[in-house]
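Read the figures in this text as sums done on the coordinates, not as results from a lab. Model, not experiment: these values are computed from the prediction. Positions of Cβ are generated from backbone atoms using ideal geometry, with glycine treated the same way; all protein chains shown enter the neighbour counts.
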Amino acid sequence: MHLPSKFVVIKILVLTACLVSFNSIAMAIQPPVAQGDFDWSQFRGPNGSGVANTSALPTEFGKEQNLKWMTPLPAGHSSPVLFKKRIYLTAFDADSLLTICLDQTTGKEVWRRQSPRDRKETLDHRNNPASPSPVVDATGVYVFFSDFGLLGYSLEGDLKWQTPLGPFSNIYGMGASPILCGGRLIFVCDQNLDSYVAAFDTQTGAQLWRTKREEATSGHCSPIVYQPKGGEAQLIVAGSFYLTAYSASSGAKLWWVGGLCFEMKSTPVTHDDLVYINGYGSPQNEADASFKIEDFSAVVKAKDGNADGLLSLAEMPDELSKNFFSAVDLDANGKLDAKEWEYFKQSIASKNSMMAIRLGGSGDMTSKSVVWKYFRNIPQLPSPVIADNKVFMISDQGIVTCLEPKTGEALKRGRLQGASGNIYASPIVADNKLFFITEDGKVAVTDTTTDFKVLAVNDLKEKCYATPALDRDRIFIRTEKGLYAFGL
């Protein structure tokens, strides 16, 4: 999406954000999905991969073709999640924050619950109060609303607990979805100040541990899980400048890799022993961009007109610093101090890229674990996906890039034929097909070859921001008007 110059640093919320392929390997994210098993119980399915083990999905569908049902819904950008023939999602209506359960076979509403709402957070116009997706397992349904916090329900909709959190200082709104790991509910809060990752008890909502993420600012990435062979589960979290691994049981920071962009919106995916993450901050972070940012002391000496030792918007030395001012004024007090100016320098120095990183290690693994970087047509919002031993990513403007996973070689790059437009939703994979959805509701279905040949373009003619969900024989697509179920 092209942004006017005064908005070049607007941070786009990961509305759909971002995640993992299952492989029979020595070091895997989670055990492979057995033939016949199925899981789409969190954002983008198994460990956020966007990959479903199914072979019975329609290629062509629409309002008059292969439509099983359509259920009108209140507004929301969260993606549907599935568990035991039920569908769970969040929404909002006027002043109500809603968790909704639908019957997967018929689309009929099973229950609807309203969350407390003690505030209305400031949101970017592309965001809304129901962006993060639920997560569900046999213990219950868990949701996050930035206008309240975390809530836990039984599968039948009985309130188990509610844990208020916030208010938050992410000026564009929160976007990361919670996940489950080892009986714990994991929540990542990346914001301008006081970022953290925390675990909560699924039975009581009590906080089990919280770890500060001092380097992270307003990010929007959902975490994933890494299960080393013979070791404890780790949480993989992408954020400002770093991809970091934490102990799922204690929250201890285990290892990290630098080199990420200053703002991260998509979520990692894995393949074999590598994790892939794309990050885009602004046009000023392209690989060929070069800007000289003076030291804080020099700028204060030259521009601090009122001699308060701080820099106001009027005292910014150039157009670039003026454009970035609101993004780097982390405490929103209208002044930049030395720490915020240093964040500005680091932000400008970071680069938009797709990175392949070797999983595992201890401490700073930057010099050892970065396998490759790729710098062209990097997405802001859509997360990558692994299909047919290839890495696919689609930019916000609809340019698809196919990469060789071990080397980062670009095998092909091009626009989706017949499905031009902005992209917010992340791609998903099933039945040897890739599904890409534009903001205007065009669903391009391609094969998973290097040529990603377009097999069909299905036009729903409704705005779409949510990533679809997949069952064995159905694809569920949320639009601005409701939820569609398509199947053969």
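Compute the FRET efficiency between SER55 and ASP304 as 1/(1 + (r/R0)^6), taking r as their Cβ-Cβ distance and R0 = 60 Å, and round to the nearest 0.05. Given R0 = 60 Å and the Cβ-Cβ separation, E is 0.40.
How many Å³ per residue does the convex hull of the Cα positions in the stretch 296-345 occupy?
Working: hull volume 3.4 nm³, N = 50.
Enclosed volume per residue, from the Cα hull, is 68 Å³.
A cut-off of 5 Å between modelled amide H atoms, ignoring neighbours fewer than 5 places along the same chain, links THR202 with LEU185.
Seen from GLU462, the other residues with C-beta closer than 13 Å to its C-beta sum to a net charge of +2, counting Lys and Arg as +1 and Asp and Glu as -1.
Assuming R0 = 22 Å, what is the FRET efficiency of GLN346 and GLU319, from their Cβ-Cβ distance, to the nearest 0.05?
Working: r = 19 Å, r/R0 = 0.89.
Once the sixth-power term is evaluated, E becomes 0.65.
What relative contact order, as a whole-number percentage, does the stretch 296-345 give when Cα pairs under 8 Å and 6 or more residues apart are counted? Intermediate values should be presented prior to the final figure.
Numbers: 42 pairs, mean separation 17.5, N = 50.
It comes to 35 percent, rounded to a whole number.
With neighbour counts taken as other beta-carbon atoms within 10 Å, the residues PHE324, PHE43 rank, fewest first, as PHE324, PHE43.
Summing +1 for each Lys or Arg and -1 for each Asp or Glu, what net charge is found among the other residues whose Cβ lies under 15 Å from the Cβ of TRP69? Walk me through the intermediate numbers first.
Values: positive: LYS63, LYS68, LYS85, ARG86, LYS108, ARG474, ARG478, LYS481; negative: GLU64, ASP103, GLU109, ASP471, ASP473.
Net charge in that neighbourhood comes out at +3.
Put in order of Cβ neighbour count within 10 Å, fewest first, the listed residues ASP137, ASP364 become ASP364, ASP137. Put simply, the amide H of TRP255, placed in the peptide plane, has neighbours under 5 Å in ALA245, GLY363, leaving out anything fewer than 5 places away on its chain. Scaled against 2.2 N^0.38 Å for its residue count N, the alpha carbon radius of gyration of the chain is 0.93.
Distance from the C-alpha centroid of the stretch 261-327 to that of the stretch 69-97: 36 Å, rounded to the whole angstrom. Peptide packing for 350-356, 477-483 was compared via the average number of neighbouring C-beta atoms within 10 Å per residue; ordered from the highest value, the list is 350-356, 477-483.
How large is the dipole of the stretch 296-345 about the Cα centre if only Lys and Arg carry +1 and Asp and Glu carry -1, each at its Cβ, rounded to the nearest 20 debye? If you can, show how the numbers build up before the last one.
Values: 6 positive and 10 negative charges, 22 e Å.
Using only the charged Cβ atoms, the result is roughly 100 debye.
Note that the stretch 187-203 has calculated 3J(HN,Hα) couplings of 10, 9, 10, 9, 8, 4, 9, 6, 6, 7, 10, 9, 10, 10, 6, 6, 8 Hz, one per residue in order, obtained from phi through the Karplus relation 6.51 cos²θ - 1.76 cosθ + 1.60 (θ = phi - 60°); glycine and proline are x. Between TRP69 and ALA485, the built amide H atoms are under 5 Å apart, and every one of these is 5 or more places off in sequence or on another chain. Counted by neighbouring Cβ atoms within 10 Å, the residues VAL443, VAL237 run from fewest to most as VAL443, VAL237.
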